[in-house]
Amino acid sequence: MVLLVSMQDDNGKTVFAYLRVSSKGQVNGHGFERQQETISRFAAENKFSIAEIFRDAFTGTEADRPAFTLMIATMLSNGVRTILVESLDRLARDVMVQSLLLAKLAQHEIVLINCITGENVTAALNDDPMRKALIQIQSVFSELEKSRLVCKLRKAREAKKEKTGRCEGRKAYGERNGEQAVIELMRSLRNGSDGKSMSFSRIAETLQAQNVPTRTGARWYTTTVKNILERGI
């Protein structure tokens, strides 16, 4: 729930927290949890009251962020003027995107605090040219770190693809625990104990009748059985 009441008289102690992970796939990981712990600890040590936590799951090069946009709109309506982030690269790794977002905050006189360094980032940008340069250098190295990681992961994927023929995407049926046994059952049904081949639709009906679970929990379909067996796993 976003708080919309006026908070003009709290001397800047009421704040918003902004959390970001680099992809939607990390939403259920530890990224948000770690960031929130760091921010909450910093807030408690410095007597800040976190009114709302906003979370985005986009890459560092994505400037159009729903939660960030909502956070700014909310701040402009309720008087909160301080944002806590775990570190500057959680705002953005990409230097250009980071500069654009910081400029947007400065335009509305919004303070951004880096909870790891304790730095008032927007004040540093406005008041000290040397700090501004250091923050920009920090952004460059964050972007460099990400680029090196992307390059490393790409090489690893290419090596795996060369070795196994596939490297990413959803795992084929049979690659997860217990699924190979289901495939063996399908094959035995397909071959038939009396030498007669069982149809794919009949196999699906048999698996359903025996309460053999599918990966998704849905029912067995003819096309599902056909695709699995014809894949030749």
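Observations on the model:
- Restricting the range 111-127 to residues that are aliphatic (A, V, I, L, M), assigned to a helix (DSSP H, G or I) and open to solvent by 20 Å² or more (accessible area, probe 1.4 Å) leaves a set whose member that is farthest from Thr14 (Cα to Cα) is Leu125.
- One residue stands out among those in the range 41-72 that are assigned to a strand (DSSP E or B) and open to solvent by less than 50 Å² (accessible area, probe 1.4 Å): the one that is modelled with the lowest pLDDT, which is Ala57.
- A search for C-beta distances below 9 Å between a residue of the range 172-190 that is aliphatic (A, V, I, L, M) and modelled with pLDDT under 85 and any residue that is part of a helix (DSSP H, G or I) and open to solvent by 60 Å² or more (accessible area, probe 1.4 Å), counting only pairs 6+ apart in sequence or on different chains, returns Ala172/Arg231.
- Selection status of Ser199, modelled with pLDDT of 85 or more and over 35 Å from the mean Cα position of the chain (by Cα): yes
- Subset of the range 1-23 (residues that are modelled with pLDDT of 80 or more and either open to solvent by 30 Å² or more (accessible area, probe 1.4 Å) or within 21 Å of the chain's Cα centre (by Cα) (or both)): Lys13, Phe16, Ala17, Tyr18, Leu19, Arg20, Val21
- Restricting attention to the range 92-110, the residues being farther than 18 Å from Arg20 by Cα and in a loop (DSSP other than H, G, I, E, B) number 3.
- Any hit, the range 24-40, residues being modelled with pLDDT under 90, among the small types (Gly, Ala, Ser) and either in a helix (DSSP H, G or I) or more than 22 Å from Val150 (Cα to Cα) (or both): yes
The values are calculated or read from the model by the stated rules, or taken from the named source; none is laboratory data. What you are looking at is a predicted structure, and each value in this text was computed from that prediction instead of being measured. No Cβ is skipped: glycine too gets one built from the backbone with ideal geometry, and neighbour counts run over all protein chains shown. With ligands, DNA and RNA removed, areas are computed over all heavy atoms of the protein, side chains included. Shrake-Rupley method; radii C 1.70, N 1.55, O 1.52, S 1.80 Å.
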